[in-house]
Amino acid sequence: MSSLVENIQVEPRKGPKYLFFDVEVTRIVDATPTVKLFDLRVPGRDSYRFQAGQFVQIDFPIDAKVTRRSYSIASAPDGGNSFQLCVGRVPDGLATRYLFEDVKVGSILKGSDALGRFVLPDVVEKETCFISTGVGIAPFRSMLLDGYARGIIKAPVSLFFGNRHESDILYRDDFEHMRRQFGLHFFPVLSRQHDWHGPQGHVHVHYTKFFADKRPCTFYLCGWRAMLDDARAHLTEMGYDRKDVKIELYD
Ligand SMILES: Cc1cc2nc3c(=O)[nH]c(=O)nc-3n(C[C@H](O)[C@H](O)[C@H](O)COP(=O)(O)OP(=O)(O)OC[C@H]3O[C@@H](n4cnc5c(N)ncnc54)[C@H](O)[C@@H]3O)c2cc1C
């Protein structure tokens, strides 16, 4: 008698198959010595549809088993066919070496449609806190620009942005503007600049203090695993539920 397991027809697991299309680099900005902003345009389309917080995949001509890398979109959707990526150079990284050394204005990359569910709700009615370091800021810039522009943010929002030095604070003017215009609680935290008059040390010290009363809040974390693991551990220890902590992991 054959077992039930033998009778089940198992579909081979398939990886996601995305359609890749030409994406043109229209501008490159050196934001810091290790971060570049890439403005991209999809020449074949009138509009490139995405939700603030989503990411795009780029398929690179690199000698690697996996040639695709994901990048959060740092700009807000505006109905046009352009968007911005904010990329940090990774030591010995294959794709970032290609982006930093070979890609010029006018270069054509292979890009995908926008992906991911790391997005804000239709209306932000609950207090919200964004926590990131370095290039992990990308989806938060998109969400905040879009959220304030569309008037969907109806609750207090704080942004804890950790960096080493003042010159590393990406998109600082945008967040300062949101602080003045919309009351964003913007905390640029610096760990290596001792003459800084703002919050110093590790980013974790500051949001744990700000939420010491453990009031209801939804947290969005984005970036590299080490920082995210620490942040999640701190929030869990404070008593926040897993469902109140949304995560976009870069590695
Ligand atoms: C959903 C998502 C969104 C992302 N968005 C962005 C973004 O907006 N901006 C951005 O710059 N990157 C982003 N990334 C990371 C990006 O996809 C690549 O992993 C990154 O650019 C490194 O690619 P690489 O080919 O240069 O390095 P690889 O050749 O793939 O990596 C070399 C080695 O370095 C390790 N590594 C990679 N990054 C780091 C790091 N920072 N510190 C220490 N070790 C590291 C890798 O695990 C690997 O072992 C995102 C990743 C995901 C999954």
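Its Kirkwood hydrodynamic radius, worked out from the mean inverse distance over all distinct Cα pairs, puts the chain at 19.6 Å. Among bridges DSSP assigns within the chain, what percent are antiparallel (round to 5)? Restricted to the chain, the bridges split so that about 55 percent are antiparallel.
The mean of 1/r over all distinct Cα pairs in segment 21-111, once inverted, gives the Kirkwood hydrodynamic radius of 13.4 Å.
For segment 110-125, backbone phi angles converted through the Karplus equation (6.51, -1.76, 1.60; θ = phi - 60°) give residue-by-residue couplings of 9, x, 10, 5, 6, 10, x, 10, 7, 9, 7, x, 4, 10, 8, 9 Hz, Gly and Pro being listed as x. Mean separation of Cα pairs under 8 Å and 6 or more residues apart, divided by the residue count, gives the chain a relative contact order of 17 percent. Note on His202 and Lys104: their simple-model spin labels are 4.5 nm apart, each label 7 Å out from Cα toward Cβ.
Full-extension gain between His194 and Ser82, please, as 0.36 nm times their residue separation minus the C-alpha to C-alpha distance. Don't skip to the end; give the middle numbers.
Numbers: separation 112, 0.36 × 112 = 40.32 nm, distance 3.88 nm.
The span from His194 to Ser82 would gain 36.4 nm if fully extended.
Note on Arg45 and Thr67: their simple-model spin labels are 2.1 nm apart, each label 7 Å out from Cα toward Cβ. Whole-Hz Karplus values for segment 151-165 come out as x, 8, 8, 10, 9, x, 10, 10, 10, 9, 10, x, 8, 7, 10 Hz, taken residue by residue from phi with 6.51 cos²θ - 1.76 cosθ + 1.60 and θ = phi - 60°; glycine and proline positions read x.
Sorting the segments 210-216, 158-164, 169-175 by their residues' average number of neighbouring beta-carbon atoms within 10 angstrom, most packed first, yields 158-164, 169-175, 210-216. Rolling a 1.4 Å probe over the protein heavy atoms gives the chain an accessible area of 55 Å² per residue. Taken one residue at a time, the phi angles of segment 33-41 give Karplus couplings (6.51, -1.76, 1.60, θ = phi - 60°) of x, 10, 10, 10, 9, 10, 8, 10, 9 Hz. Gly and Pro are set to x. For a 26 Å ceiling on Cα separation, which of these pairs sit above it: Lys154/Lys246; Lys65/Lys246; Lys36/Lys110; Lys110/Lys243; Lys209/Lys246; Lys36/Lys214? Listed pairs above 26 Å: Lys65/Lys246; Lys110/Lys243; Lys36/Lys214. Please check which bits of segment 50-76 a label hung off Thr34 would reach, taking the label as a point 7 Å along Cα-to-C-beta and the cut-off as backbone N under 11 Å. Counting only backbone N, you get no residues. Shown for segment 39-130: the carbon plus sulfur share of the solvent-accessible area, taken with all protein chains present and a 1.4 angstrom probe, equals 46%.
The values are calculated or read from the model by the stated rules, or taken from the named source; none is laboratory data. Owing to the predicted nature of the structure, the values given are computational and were not obtained by experimental measurement. Every residue, glycine as well, gets a Cβ built from its backbone with ideal geometry; the counts of neighbours run over all protein chains shown. Just so you know, the surface numbers come from the protein's heavy atoms only, side chains and all, with ligands and any DNA or RNA stripped out. Shrake-Rupley method; radii C 1.70, N 1.55, O 1.52, S 1.80 Å.
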